[in-house]
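Q: Dumping the structure here so I can ask a few things about it.
The values are calculated or read from the model by the stated rules, or taken from the named source; none is laboratory data. Treat the numbers as computed from the prediction; the structure is a model and nothing was measured. In this analysis, Cβ positions are derived from the backbone assuming ideal geometry, glycine residues included, and neighbour counts consider all displayed protein chains.
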């Protein structure tokens, strides 16, 4: 992990890259552009990331980590956020309000090019986090256990809420809060057991899910901020 001044500089570079990526798309943005926007020399960027690919990969991973951090904060503030219809509503809003995460989900090649794929260094941790999340939902009795292929069904159902506004222009202007509320209603009606979940089980599941997310975020940060870069100007 780099020291704080170097990490601050890395975040400044990533902030500049994010601004330019959203404005121009990945194919038009160069390391020179990013360095200029960050107010540093091009060589300083290379002290942190050797290639444009690794820089953009770190940028998209940082967006994912920030979503996880926001989820952890919500789970800490209100453990009932772990209940699936509330969890998916929250995640929908966090994702759709972030232009990079939205582009990743929609596989927006115009904006992201080939950078929407998760970094290979954390693919195992990411897969484990997703798997553990569904295990917690099922093991805690927060999802019905009688639905065949429930993980596929839930994923397919929720994905439609991210994409349908792009497919059907009639709903393109539907407010995000309204979409999130509709998603929550569908998940509550179709995938959760009747009645209210046991409060003790909710607390336990929220604690465990925070641990899962914090572990993945820690692994991802080690990739976002690799090693301790050589001191450079900027």
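Q: When only residues in the stretch 185-200 that are within 12 Å of residue 142 (Cβ to Cβ) and part of a loop (DSSP other than H, G, I, E, B) count, which is farthest from the chain's Cα centre (by Cα)?
A: 195
Q: Continuing with the same structure: Among the residues of the stretch 166-180, count how many are under 17 Å from residue 91 (Cα atoms) and touching a helix residue (DSSP H, G or I) at 6+ places or on another chain (Cβ under 7 Å). Spell out the reasoning first.
A: Of the stretch 166-180, the ones under 17 Å from residue 91 (Cα atoms) are 175-180.
Filter once more, keeping what is touching a helix residue (DSSP H, G or I) at 6+ places or on another chain (Cβ under 7 Å): 176, 179-180.
Counting residues in the stretch 166-180 that are under 17 Å from residue 91 (Cα atoms) and touching a helix residue (DSSP H, G or I) at 6+ places or on another chain (Cβ under 7 Å) gives 3.
Q: Listed residues 139, 165; which is over 23 Å from the mean Cα position of the chain (by Cα) and over 30 Å from residue 55 (Cα atoms)?
A: Working: 165 fails: over 23 Å from the mean Cα position of the chain (by Cα).
Checking each option against the conditions leaves just 139.
Q: Then there is this: Mind counting the residues in the stretch 1-60 that are free of Cβ contacts under 8 Å to residues at least 24 places away in the same chain, crowded, with 22+ Cβ neighbours inside 10 Å and under 23 Å from residue 217 (Cβ atoms)?
A: 0
Q: Return a yes/no flag: does the stretch 39-49 have any residue that is modelled with pLDDT of 90 or more and under 22 Å from residue 102 (Cβ atoms).
A: There is no residue in the stretch 39-49 that is modelled with pLDDT of 90 or more and under 22 Å from residue 102 (Cβ atoms).
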